[in-house]
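Worksheet for the structure shown next.
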Amino acid sequence: MSYLFATASEEQAMLSRIGVDSIDQLLQQIPKPLQLDKLLDLPPALSEMELEQHLRQLASQSSGATSRMCFQGGGAYDHYIPSVVDEITGRGEYYTAYTPYQAEASQGTLQAFFEYQTMICQLTGMQVSNASLYEGGGSVSEATLMAMRTTGRTGRVVIAGALHPEYTQVLRTYVGHTSTEVIHIPVGSDGTVDLTKLAGAIDENTAAVIVQNPNFLGNIEDLAAIADLTHAKESLMVVSTDPISLGLLARPGDLGADIVVAEGQSLGIPLQFGGPYLGILACRNDFIRRMPGRLIGETIDRTGGRCFVLSLQAREQHIRRDKATSNICTNQGLMALRATMFMAQMGPQGFKETAELCLQKAHYAATQIAAIPGYTILFSETPKFKEFVIQAPQSAQTLIEKVAKAGVDIGPALSQFAPIPGMPDTENLLLVAVTEQRTKAQIDHLVNLLK
Amino acid sequence: MRNTLATQLIFDLSSPGRRAARLPQCDVPTRAIEELIPAKFLAEKPLPLPEVAEPDIVRHYVNLSTLNMSVDTHFYPLGSCTMKYNPKRHERLSKLGGIVDVHPYQHADRMQGLLAILYEMQNMLGEIAGLPAVSLQPAAGAQGELTALMVAAAYFRDRGENRRKVLFPASAHGTNPASAAIAGFDCVQLPATANGLMDVEELRKHADSSTACLMVTNPNTLGLFEKQIAEVAKIIHDVGGLVYIDGANMNAIMGITRPGDFGGDMMHYNVHKTFTGPHGAGGPGSGPIAVRDFLKPYLPAPIIEKTTAENGQTVYQLVTPEKTIGKVRTFFGNVGILIRGYCYLRTLGPEGVRKAAEHAILNANYLKAILKDILPAAHGEYCLHEFVASASKLSKEKHISAMDIAKRLLDFGFHAPTVYFPLVVPEALMMEPTETESKATLDAFAETIRKITEESAEFLHDAPHSLPVSRPNDVQAARQPVLSWSPKVGV
Ligand SMILES: Cc1ncc(COP(=O)(O)O)c(C=O)c1O
């Protein structure tokens, strides 16, 4: 079933209008020796009903957050998704359209993304946001390349402490082949970046200092202090933030960030094993022309009415080709739309209450776990938001497996990543995240399982 | 019918104290926030987000949606983008629990069903490509290009070869050179030829021991099959380089010929195009790559492998290739889109895949034929899944541009073709009808274009005439960028 229209007689009519006898004749453009002489080795076609049965059967062999208790963290979280998000983004007018090249036929998309850009600015405290990148780690890399273009410095970039190890890995993939030196400053004994070492590493050739807040270990960094160190050498501070935390925490833009990036998954995007998610990138006005990705701008039309367009396209690959600010073309539009619905639904009060629930529940869980003999919460004196590191009396993997049998998911174990500088390299450490969705009963259940 | 009240900016609908979301009471013992987080880290003010009610949001964004053209509502022959029908079953099935709600760090043992789907997807994409090793990681076509080029770079580094050059024809998509530049290569663009195909002699001149890779779209962006592709590939292979196939146009050839069989060493797919993504108002996409076996060790991590446990059970595992380039993005890939692609391929089966390509070719050639006298295609007697018409004659004789036609089509309820791409055709209108359109639609579209070309240039310069917006001022947008709303001060 290929969703075709042409009946046999229509096909004939079309072929004769083209002036050929058969579709095969049209295929003669492809040299015969290069053509397949057999069907592809693919599984046979399924009807809709069979396909659904097949998918349901496979889905039943996978454990999703909705049927379990998800305390998993590490950059993707089981936050609540309001029904408005699915309803609106499920409209074909949005999800079956493409990049709004024809502004007149895409004002819905364009205005929604203009609103997205605005809300991202409101959320991060920055002046301008693009219309989305792929995901969190890619955004860190794009921000770093952007900082290099903006400062004209390519000598060095500095990672300040506990950046998500996958973000670090992506960044190293992006700049690994260049002469740029990537310096990774260790975390100190409190689980935040060692500020003395950081100060020593930022030099006149440093394009960017990259810091995650709350960091990968769940600890809150002193962004204002890092901004001072960064700006003293006229480098740019790139902050990777958790959007939900901004219901409570000061916005990176108010603490001196030059570029703010984030994984936008928590803004109404399902976990779906890692993607599609949403790469957020926002910055100060001065950098607009160095930004990667699509930008939606307001303008007027022929009759003077307000409208929206894809703007500043001279930065982009279809015009600037090898000199473009990024190679991105297809972005994460529908995910940006999801985030827009989410932010509108939450509003200032919803954000604050969600963040407070995360904060209180995570601290309740941490306190309960710390009271179990053999367990320690690392960096317990350092302020945290919704996630923390547990030191378990046994290997983290074993523990994860043990609680998984009872329908509870925790982790990831830190040992599954490249070590974070300054962190002990042991098997016993793992992350636990507590979102607003977890109930006291679920937390108590987890605590009992750990005992 | 238009509700302009609801389509004001959402910020104009905001009213202090209004809200949509209600959250549950906190059910754990609470502590004072300042006790948990020092005041210096806390926000001083609430976020300045809009304050609206849920019905506001629904009415606002539903009304906005009606200002869009989409595949669900209109013929959308946007060339190079494969705007085919997006089956509804995919939307239901990709949202099943056990698929949509699996955490990226879930243990492989607890998602064998999902891994089985993704493993099969790897296999099917390898088979369609004729290139057996597949990475599902890249988020879109452009990231697929970058990933493959990084794989190529790692391969050459491993062999101790310093190859700096990436070649591509002038008709290449902008992402090709942009990706090559990010991967650290020098870009060499080969000039266009009169027949729209690659110039083999020109290629010979540039192919040498510093050539890492030739990037070629096949069928190319003119909708033509590069007939000499086997020879082209041999030239590159003879100097020790690799051939990259930009697979954006796979809808023309799937099941008919394979990149691996015509000389390609690496390719990307655009799952959002060929395998019905959908396009999501700009994304998300998914851009898996398929490569030859000797490049497999360099693929980004992880890939999925199938093994048999001691008890005879099939086990799917996430595996890190031994010389991996690392990761090009966070987490596994754009799984939600891959699932839709999987559903599509399982619905079509081997016959259906070929049939879809054949009918994409049939529809494109039919449209090309019925437009021949009005808007002739610049190249080729026949095309594959798309063709590039040129309004250059109309422009010279009647001052009607490709843009005028594109804009006026909107008035008649047709989305415009891709305009002014590829760059090698003046006044280009790139049309890709796809296989999921009827003869009646194509006839109506061609008839509309005929009518348009009979209208006055002056009238057309102001088109569209019936849409809420007409001819936005792009120059102003670029000169004085307004990229976000800000509250009016002093009122
Ligand atoms: C020929 C060609 N190559 C590459 C791309 C880039 O793919 P994507 O937009 O998925 O990144 C596109 C599409 O946009 C294309 O048409």
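Given the residues B:G264, B:G260, B:G241, which is the only one that is buried (at least 23 other Cβ atoms within 10 Å of the Cβ) and closer than 24 Å to B:L118 by Cα?
Exactly one of B:G264, B:G260, B:G241 is buried (at least 23 other Cβ atoms within 10 Å of the Cβ) and closer than 24 Å to B:L118 by Cα, namely B:G264.
Determine whether A:Q117 is within 24 Å of A:L248 (Cα to Cα) and either at the interface with chain B (Cβ under 7 Å from one of its Cβ atoms) or not charged (D, E, K, R) (or both). Give the derivation first.
On the way: within 24 Å of A:L248 (Cα to Cα): yes; either at the interface with chain B (Cβ under 7 Å from one of its Cβ atoms) or not charged (D, E, K, R) (or both): yes.
Answer is yes for this residue.
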Residues located in the range A:23-51, provided they are buried (at least 17 other Cβ atoms within 10 Å of the Cβ) and closer than 30 Å to B:G98 by Cβ
A:L40, A:L42, A:A45, A:L46, A:L51
Restricting attention to the range B:54-70, does a residue exist that is within 8 Å of chain A (Cβ to nearest Cβ) and surrounded by fewer than 15 Cβ atoms within 10 Å (Cβ to Cβ)?
no
Confirm whether B:G247 is within 14 Å of the ligand (Cβ to nearest atom), open to solvent by less than 10 Å² (accessible area, probe 1.4 Å) and more than 9 Å from every other protein chain (Cβ to nearest Cβ).
yes
Candidates A:I244, A:I226, A:I183 - the one that is outside any loop (DSSP other than H, G, I, E, B), open to solvent by 10 Å² or more (accessible area, probe 1.4 Å) and in the same structural domain as A:R289 (by TED's automatic domain parsing)
A:I183
Of the residues that sit in the range A:282-302 and are surrounded by fewer than 18 Cβ atoms within 10 Å (Cβ to Cβ) and within 7 Å of another protein chain (Cβ to nearest Cβ), which one is nearest to A:R315 (Cα to Cα)?
A:I300
Could you count how many residues in the range A:79-90 are more than 7 Å from chain B (Cβ to nearest Cβ) and over 22 Å from B:R340 (Cβ atoms)?
2
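So which residues in the range A:53-67 are small (G, A, S) and in a loop (DSSP other than H, G, I, E, B), if there are any at all? Explain how you work it out, then say what you get.
Within the range A:53-67, the first condition is being small (G, A, S), and the residues that meet it are A:59-60, A:62-65, A:67.
Those that are small (G, A, S) and in a loop (DSSP other than H, G, I, E, B): A:S60, A:S63, A:G64.
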Taking the range A:91-113 as the region of interest, how many residues are under 21 Å from the mean Cα position of the chain (by Cα) and either of a type in the set (A, V, I, L, M) or more than 7 Å from chain B (Cβ to nearest Cβ) (or both)?
2
Is it the case that the range B:47-70 has a residue that's touching a residue at least 60 places away in the same chain (Cβ under 8 Å) and within 16 Å of the ligand (Cβ to nearest atom)?
no
Output for the range B:264-304, where each listed residue is within 11 Å of chain A (Cβ to nearest Cβ) and within 11 Å of the ligand (Cβ to nearest atom)
B:N270, B:V271, B:H272, B:K273, B:G277, B:H279, B:G282, B:G283, B:P284, B:G285, B:S286, B:G287
B:K45 being part of a loop (DSSP other than H, G, I, E, B) and buried (at least 18 other Cβ atoms within 10 Å of the Cβ)
no
Please enumerate the residues belonging to the range B:122-154 that are assigned to a helix (DSSP H, G or I), surrounded by 24 or more Cβ atoms within 10 Å (Cβ to Cβ) and away from the ligand (no atom under 16 Å from the Cβ).
B:I128, B:V151, B:A152
Out of (1) outside any helix (DSSP H, G or I); (2) at the interface with chain B (Cβ under 7 Å from one of its Cβ atoms); (3) more than 28 Å from A:L271 (Cβ to Cβ), the odd one out for A:L27 is which?
(1)
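Filter the range A:303-319 down to the residues that are more than 15 Å from the ligand (Cβ to nearest atom) and part of a helix (DSSP H, G or I), then identify the one that is surrounded by the most Cβ atoms within 10 Å (Cβ to Cβ).
The qualifying residue surrounded by the most Cβ atoms within 10 Å (Cβ to Cβ) is A:R315.
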Can you find even one residue in the range A:322-336 that is surrounded by fewer than 24 Cβ atoms within 10 Å (Cβ to Cβ) and not in a loop (DSSP other than H, G, I, E, B)?
yes
Would you confirm whether or not the range B:198-219 contains a residue that is more than 11 Å from the ligand (Cβ to nearest atom), within 11 Å of chain A (Cβ to nearest Cβ) and either open to solvent by less than 10 Å² (accessible area, probe 1.4 Å) or in contact with a His (Cβ under 9 Å, 6 or more places away or on another chain) (or both)?
no
Tally the residues that are at the interface with chain B (Cβ under 7 Å from one of its Cβ atoms) and in contact with a strand residue (DSSP E or B) (Cβ under 8 Å, 6 or more places away or on another chain), restricting the search to the range A:303-325.
6
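The values are calculated or read from the model by the stated rules, or taken from the named source; none is laboratory data. Please read these numbers as outputs of a predicted model, since none were measured by experiment. For neighbour counting, all protein chains shown are included, and Cβ atoms are generated from backbone atoms with ideal geometry for every residue, glycine included. With ligands, DNA and RNA removed, areas are computed over all heavy atoms of the protein, side chains included. Shrake-Rupley method; radii C 1.70, N 1.55, O 1.52, S 1.80 Å.
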